[in-house]
Amino acid sequence: MLARVYSGAVYGVNAYPVELEINCSLGDPKFVLVGLPDAAVKESKDRVLTAIGNSAFRFETFPKITINLAPADIKKEGPVYDLPIAVGLISALELAKMPGLSHYAMIGELALSGEVRRVQGVLPVTLAMRDLGKRGILVPAENAEEAAVAEGIDVFPVRTLREAVDFLSGKVEVEPFRADLNELISRERRYAEDFSDVKGQESAKRAIEIAVSGGHNLLMIGSPGAGKTMLARRIPTILPEMTLDEALEATRIHSIAGTLKSHQALVFQRPFRAPHHTISDAGLLGGGAHPLPGEVSLAHRGVLFLDELPEFHRNVLEVLRQPLEDGHVTISRAAASLDFPSKFMLVAAMNPCPCGYSGDPQRECRCSAQKIQQYRGKVSGPLLDRIDMHIEVPPVKFSELSSLQKGESSAEIRARVVACRRLQRERFRSLRGVTCNAEMSACDLQKFCSLDGAAQDLLKMAMSELNFSARAYNRIVKVARTIADMAESGEIRAEHVSEAIQYRSLDRMMWI
């Protein structure tokens, strides 16, 4: 007998429907699986047959079993097809009657006991099944909250193969899982860190507020222990809250990568990713034999923090150019080309020299001028030009550390950031894909960034004396536009440009 069961497979950050055709016929007893299955899918044979036996289903003879995974020209990966194969096999062997089987899709890995285990990529598959017009989808109980975020399709959590078959047979009732978005949002948006914990560093906090207000990339330069990492970890707390669409984008990526926690439904906190400097280019961008999102995509709509920037391998840093410019990563393989979104705010930190104490008023630097130049030269000019702001983070004074007075909270800073972002969205409402100043093109600069005479003269002098590149010029104008927005000024004035130039510390260090 022939049975059809529907499931889905992940391709990039999206999913496509997979139709499983299970046929049982007379002939030599064997189990044939076709449709470009990988090793994990092929191994499902032993898991499925054992799980069926341990779920109290018995069949007298072992027939010839043929399973086709359509479309047959796309590779199928992972253990996600265990549940649909087992259910389809039970239907084809007529061990249970499931008249409404075609109205449902399913996904899940099976244990030998028949328990349904958690899998990756449930949210994109659920969305694909909804678009296909399925009435409902059966998912592992641990994935139910994640799948229920997709509106327009019923999500049925199942814990065992037996429960899934009995539900499809009409013997038991399984209530659809409903997600309370308001409760999820309030639960996920809580941050453990706050800017009120930071003592001193008022100039650095001012620069960070400017960077977040305009969506600018940021590089912090300072001695060890100055608080660079502490500041960076609190940046997500002042970013505007994620919209539902942004949360769905981020959740898709984390679902495919398998970084969602058990029973986590949505990524509503702005992602903060801090990879170690030994990471490979594939780990940063994504890739592998079966391409998965890398750190730049896991940081989508959030912050990518690169601590000890010069310690990263040169080739790893250079691959950042495309995602910084385009907001997405393209991974090409012989079989296919995958595209992963990667719109993030880059925050990096480095010491001013190899020993870390160049310019420190308390400790003596033992590095030669040549070593300092070599150290700073590890970060290439083209990459440096793509970082809008370079700021110096000085050591915190004892009087500031011992003070009991708390600084501004993240909520207070975020309120100003949101107001500034709102102004920018209104300005760019006619432009597609531009929501903040950092995303402006060279053409947009001419339209939206008018400088008064004094500002033009100051910028001309700075370009001549400090030898800024054309890209650095654009970055300075964008930052000056953000500073003007924070001051509610329609025109960019000399004081705005002057402050923006101060945030090119590394450029000035190279030439002084």
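The values are calculated or read from the model by the stated rules, or taken from the named source; none is laboratory data. Quick caveat, the model's predicted, so the values are computed rather than measured. Every residue, glycine as well, gets a Cβ built from its backbone with ideal geometry; the counts of neighbours run over all protein chains shown. What goes into the accessible areas is simple: the full protein's heavy atoms, side chains included, and nothing from ligands, DNA or RNA. Shrake-Rupley method; radii C 1.70, N 1.55, O 1.52, S 1.80 Å.
Could you tell me whether any residue of the range 75-95 is surrounded by fewer than 24 Cβ atoms within 10 Å (Cβ to Cβ), assigned to a helix (DSSP H, G or I) and of a type in the set (D, E, K, R)?
No, the range 75-95 has no match at all.
Being modelled with pLDDT under 90 and either surrounded by 13 or more Cβ atoms within 10 Å (Cβ to Cβ) or assigned to a strand (DSSP E or B) (or both) is the filter here; which residues of the range 17-32 pass it?
Answer for the range 17-32, where residues must be modelled with pLDDT under 90 and either surrounded by 13 or more Cβ atoms within 10 Å (Cβ to Cβ) or assigned to a strand (DSSP E or B) (or both): C24, S25, K30, F31, V32.
Test G100 against the criterion of being within 16 Å of F167 (Cα to Cα) and buried (at least 20 other Cβ atoms within 10 Å of the Cβ), and give yes or no. If you could, list the steps in order and put the result at the bottom.
Values: within 16 Å of F167 (Cα to Cα): yes; buried (at least 20 other Cβ atoms within 10 Å of the Cβ): no.
It is false that G100 is within 16 Å of F167 (Cα to Cα) and buried (at least 20 other Cβ atoms within 10 Å of the Cβ).
Output the residues belonging to the range 462-483 that are modelled with pLDDT under 95 and farther than 17 Å from L219 by Cβ.
If the condition is that a residue be modelled with pLDDT under 95 and farther than 17 Å from L219 by Cβ, then A462, M463, S464, E465, N467, A470, Y473, V477 are the ones that fit.
Would you tally the residues in the range 308-326 being under 23 Å from A257 (Cβ atoms) and touching a His at 6+ places or on another chain (Cβ under 9 Å)?
Result for the range 308-326: 4.
Taking the range 266-288 as the search range and keeping residues that are touching a strand residue (DSSP E or B) at 6+ places or on another chain (Cβ under 8 Å) and assigned to a loop (DSSP other than H, G, I, E, B), which one is surrounded by the most Cβ atoms within 10 Å (Cβ to Cβ)?
The residue in question is R270.
Just for helices (runs of 4 or more DSSP H) wholly inside the range 155-221: which have at least 3 residues that are closer than 30 Å to H390 by Cα and either open to solvent by 20 Å² or more (accessible area, probe 1.4 Å) or out of contact with any strand residue (DSSP E or B) (no Cβ under 8 Å at 6 or more places or on another chain) (or both)? Break it down stepwise before answering.
Values: elements: 161-169, 181-188, 202-214.
Where helices (runs of 4 or more DSSP H) fall fully within the range 155-221 and carry at least 3 residues being closer than 30 Å to H390 by Cα and either open to solvent by 20 Å² or more (accessible area, probe 1.4 Å) or out of contact with any strand residue (DSSP E or B) (no Cβ under 8 Å at 6 or more places or on another chain) (or both), they are 202-214.
Restricting attention to helices (runs of 4 or more DSSP H) lying wholly within the range 351-439, give those where 3 or more residues are free of Cβ contacts under 8 Å to residues at least 60 places away in the same chain. Spell out the reasoning first.
Values: elements: 369-376, 381-385, 398-401, 410-427.
In the range 351-439, the matching helices (runs of 4 or more DSSP H) lie at 369-376, 410-427.
Quick check on S505: is it of a type outside the set (D, E) and surrounded by fewer than 17 Cβ atoms within 10 Å (Cβ to Cβ)?
no
Can you pull out every residue in the range 238-247 that is surrounded by 21 or more Cβ atoms within 10 Å (Cβ to Cβ) and either under 22 Å from I210 (Cβ atoms) or of a type in the set (V, I, T) (or both)?
I238, L239, M242
Any idea which of D28, D82, D73 is more than 27 Å from G258 (Cα to Cα) and in contact (Cβ under 8 Å) with a residue 24 or more places away in the chain?
Selected residue: D28, the only one of D28, D82, D73 that is more than 27 Å from G258 (Cα to Cα) and in contact (Cβ under 8 Å) with a residue 24 or more places away in the chain.
Within the range 326-367, how many residues are over 21 Å from S255 (Cα atoms), buried (at least 19 other Cβ atoms within 10 Å of the Cβ) and hydroxyl-bearing (S, T, Y)?
The qualifying residues number 2.
Which one is modelled with the lowest pLDDT among residues in the range 231-262 that are farther than 21 Å from Q424 by Cα and more than 14 Å from the chain's Cα centre (by Cα)?
Restricting to residues being farther than 21 Å from Q424 by Cα and more than 14 Å from the chain's Cα centre (by Cα), the top hit is S262.
Any residue at all in the range 123-136 that's touching a Ser or Thr at 6+ places or on another chain (Cβ under 8 Å), more than 16 Å from V5 (Cα to Cα) and in contact (Cβ under 8 Å) with a residue 24 or more places away in the chain?
yes
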